[in-house]
1. Where a ≥ b ≥ c are the square roots of the eigenvalues of the C-alpha gyration tensor, would you call the range B:97-183 rounded, which needs a/c under 1.5, or, failing that, prolate if a/b is larger than b/c, or oblate?
2. May I ask for the percentage of alpha-carbon pairs in the range B:45-102 that lie more than 16 Å from each other?
3. Please compute the average number of Cβ atoms from other chains found within 10 Å of each residue's Cβ in peptide A:79-90.
4. List the relative contact order of chain B as a percent without decimals, with contacts defined as Cα pairs under 8 Å and 6+ residues apart.
5. Across peptide A:60-73, what mean number of C-beta atoms from other chains lies inside 10 Å of a residue's C-beta?
6. Need one number: % antiparallel among DSSP beta bridges in chain B, to the nearest 5.
7. Give me B:165, A:247 sorted ascending by neighbouring Cβ count inside 10 Å, so fewest comes first.
8. Assuming a ≥ b ≥ c are the square roots of the Cα gyration tensor eigenvalues, decide whether the range B:1-156 counts as rounded (a/c under 1.5), prolate (otherwise, with a/b larger than b/c) or oblate.
Amino acid sequence: MILIKRILSLRIHKHKVLFRCFCNSVNTLENIQTSPIQWPKDYVTSPLETNVTDFSTISPALRPTFNLAAYVNDSHSLQQLVKLGVELYKFDNDPRIMETILKLDFERDMKPYIRFIHDCGVPVEEIGKFLTKNPMIFTEHMDDLITRINYLQHKKFDKEMISTIVRKYPMWLSQSTIDIDKSLGFFQTKFYLSGDNVRNMVTKLPKLITWPKKSVNLIMFSLNEEMGFNRSERKRLLLIQPKIYIMSKHHLFERFNYIHNIMGINHDRIVLEPQVLTSRLFRIKQRHEYLKYLNRAQYDPTKPNYVSLFNLVKGTDLDFCLNIAKTNTEKFNNYLKTVC
Amino acid sequence: MNYLSNSEKAFKLLNGIVCLYKPAGVSLKGCRHSLLLKLCQDLNSMDVRPPENRVIISGDTTKSLEVKLEPSYADNVLVVGPRYQSKDLKCIWTTHLGMRVSGVCVMGLNKGTKMVRHLQENYPLRTYHLHGQLGIMTKNMHIDGQVVEKGRFDFVKRENIDKLMSTIQASNQKKMFHLAKVDTQTQMAYDLATKGLIRPTSSNEPLIYGIKCISLELPNFVIEVNVINEYESYLLSLVHEIGLKLRCSATCTALRCIRYSSFNINQALLMKHWNLQYVLDNIKECNSSYDKINHLSAFVAEQSQLETNQNMTSV
């Protein structure tokens with residue numbers, strides 16, 4: 001107790017001294033005295049003599065800015081990031097990212113993370129792309145990242161799978177293990193997936209795992225109630241084309257409506273070739289209408305001149321004209337100008 | 001192509017009028033956005049300006065200093081963003097086309113914005129193909145709306161439509177003289193008519209110069225209409241009115257602009273061709289046709305209007 005009191009009293013004493021210092025300043029509000037500038041001694045005596053003090057360490061302070069470009073010439077760490085291929089201009093919209101990036105030192109703070117990313121299977125050329133997508137990885141704790149990779153290994157993802165997941169979706173490493181486990185469980189129970197199915201799905205589209213569950217549920221509802229796909233069909237759609245579950249519901253329904261009601265294709269065929277649901281509506285529309293105009297719109301595999309749905313939307317217009325419509329592109333282009 | 005290797009040269013060539021084929025269901029703003037986005041992408045993929053050099057003076061100030069010239073990081077593409085961005089290109093459209101209208105859409109790029117404005121000030125004639133369907137009426141007069149009424153249409157014959165078209169055209173011709181504020185029975189009206197097309201003096205009253213039915217396969221029909229100062233809902237209501245006059249109902253299934261002044265649908269670029277190569281070729285073609293119409297005397301409507309006004313005051 002006595003010790004603490006002493007220390008306290010010492011502190012208070014110090015404060016008092018400081019306070020007195022301020023009060024005893026020469027300048028008061030009434031009269032301000034000018035004090036002469038303290039030049040270096042030799043400089044004052046002979047102004048024409050050469051300067052001996054080294055000014056190279058003195059430079060104007062960095063001023064506040066809205067973008068990183070103002071600092072990049074003075075910051076070694078930012079220059080290293082540029083050399084890696086990180087698109088720094090993309091961080092200019094987010095002051096949160098700018099703050100964290102500027103506080104980091106390349107050798108001390110960034111190097112272990114970059115080495116870790118490289119060890120996860122991201123090749124050197126893609127590290128810049130990775131850091132552009134997920135610059136906040138530097139704020140994560142190193143142990144957390146190792147845990148997240150260990151979790152995947154524990155779930156029997158092999159090394160190649162992990163590297164594709166991290167390359168395709170850099171934000172994966174910023175998601176907590178609990179969240180990922182929860183959402184893997186969500187998909188497994190909702191779609192009755194086996195372990196292999198889950199692993200396949202995750203490597204195909206890792207983004208889907210962190211996608212809001214609300215919108216996944218909405219798409220599931222829409223597929224079930226509005227479009228009439230049953231449970232096993234929905235599962236097949238997820239396994240072959242998981243992208244359907246992160247699409248906008250409006251677009252999905254419009255495409256389905258066109259394919260099912262106007263092109264007259266039943267659910268079984270759509271489920272067999274679900275790629276058609278992910279191609280844009282105007283593409284399907286243009287090609288279908290052109291085939292119809294040529295009397296080639298034959299989507300029944302049992303009849304001659306069968307056109308598969310996948311081939312319909314695949315490839316460029318040139319390929320389409322040559323292989324499926326069997327006309328030249330000029331005719332196709334002219335046809336497109338006669339329809340809206 | 002030679003000029004496509006250097007982005008600065010290509011950028012300097014992007015001055016003039018582009019004629020695009022606007023798809024239905026996309027707004028003009030969306031069209032402009034995708035056009036500029038694609039152009040910038042193409043420009044950035046070519047040889048762009050290298051980063052500027054920066055002078056670095058380093059070393060002890062008491063000794064001789066070291067002066068170096070290094071490429072500045074602050075001007076690197078990765079730091080300041082792509083060299084060409086869609087804000088750098090000026091682009092405006094001539095007439096506003098609505099969401100449901102497809103077809104020829106004339107846009108001005110960079111210096112072409114002036115040309116486009118000049119075009120617009122001269123009230124050019126537009127030709128539309130209006131696709132309609134008889135026997136059905138919807139709430140918003142377009143086929144995508146809620147159906148309000150269905151009815152018979154088998155009594156409609158070619159003659160009925162042709163008769164109706166000629167009455168519409170006649171009434172609009174009368175309106176033309178009315179808007180020019182001259183009596184049809186006077187010498188002045190005759191003089192005005194001999195000069196060519198009587199263009200409106202303001203942009204708020206739609207005027208039909210010619211209307212005819214070009215195909216009739218019941219229940220579908222196509223009407224070709226030459227019109228100035230039109231807008232989307234006017235064309236929709238025109239089809240609707242035609243339906244009512246034929247004593248049944250009609251809705252519009254498609255609106256297609258096939259000609260804008262002298263720019264026709266053959267010149268128009270499809271959406272898949274909206275890239276630098278095609279746009280530059282198109283600009284060349286459109287600029288030459290703009291120069292042609294610019295020299296026509298009938299084109300300069302405003303001047304002739306001024307002259308007539310002066311004549312009137314002198315009288």
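1. Since a/c reaches 1.5 but b/c is at least a/b, the shape of the range B:97-183 is classed as oblate.
2. The share of Cα pairs beyond 16 Å in the range B:45-102 comes to 68 percent.
3. Details: counts 3, 0, 2, 5, 3, 1, 1, 2, 5, 6, 7, 2.
If you average over the peptide's residues, the count of other-chain Cβ atoms is 3.
4. Working: 538 pairs, mean separation 79.4, N = 315.
Across chain B, relative contact order equals 25 percent.
5. 3
6. About 90 percent, rounded to the nearest 5.
7. Least to most surrounded, the residues fall as A:247, B:165.
8. prolate
No value in this document is a laboratory result; all are computed from the given coordinates. Note that the structure is predicted; figures quoted are calculated from it, not measured. All Cβ positions, even for glycine, are placed from backbone atoms using ideal geometry, and neighbour counts span all protein chains on display.
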